[in-house]
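Below: the structure, in structure tokens.
No value in this document is a laboratory result; all are computed from the given coordinates. In this text the structure is predicted, and so the values were computed from the model without any measurement. Cβ coordinates were reconstructed from backbone atoms using ideal geometry, including for glycine residues, and neighbour counts include every protein chain displayed.
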Amino acid sequence: MYSLKNIAEITSNNRKEINEFLELFCNESASAILKFQEGVSKNDITTIKFYAHKLKLSLKYLELNDLFDCCFEIESANEFLSFKSISEKVYFLTLGLEQVIHEIRSKELLQE
């Protein structure tokens, strides 16, 4: 689902630095999920777009292309895209992030 290839290259395959990146990613993603849910409940597209933008680079580094594309679509949404469509994208993104967080925490972060 995700790849550590880019992170390993950036960190010269330093396991401690890889784990620090992954922990930061998991924490930031968990925080973003809460903000997405809050944004949907308040119809706050600005908050949703902000957190979608904030996640994009990390998603790209981890080669989570479907989630990256989803963030890009959310961030690029204009007034012609219904809030329902944005909410559906947020739902897809949230499920994907939860799955990745679980996978990283159960596999990668145990290998220190």
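The figures follow:
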read-out	value
Net +/- balance of residues flanking Ala30 in space, Cβ distance below 12 Å, scoring K and R +1, D and E -1	-1
Over 25 Å [Cα-Cα, the chain], rounded percent	23
Sum of -39500 (n - 2.57) over DSSP H runs of 4+, divided by residues of the chain (222 nm, nearest 500)	-26000 deg cm²/dmol
Set of lysines near Lys60 by C-alpha distance (under 21 Å), chain-local residues within fewer than 8 positions excluded	Lys5, Lys16, Lys35, Lys49, Lys89, Lys107
Gln99 paired with Glu63, simple spin-label distance in nm, labels 7 Å along Cα-to-beta-carbon	1.7
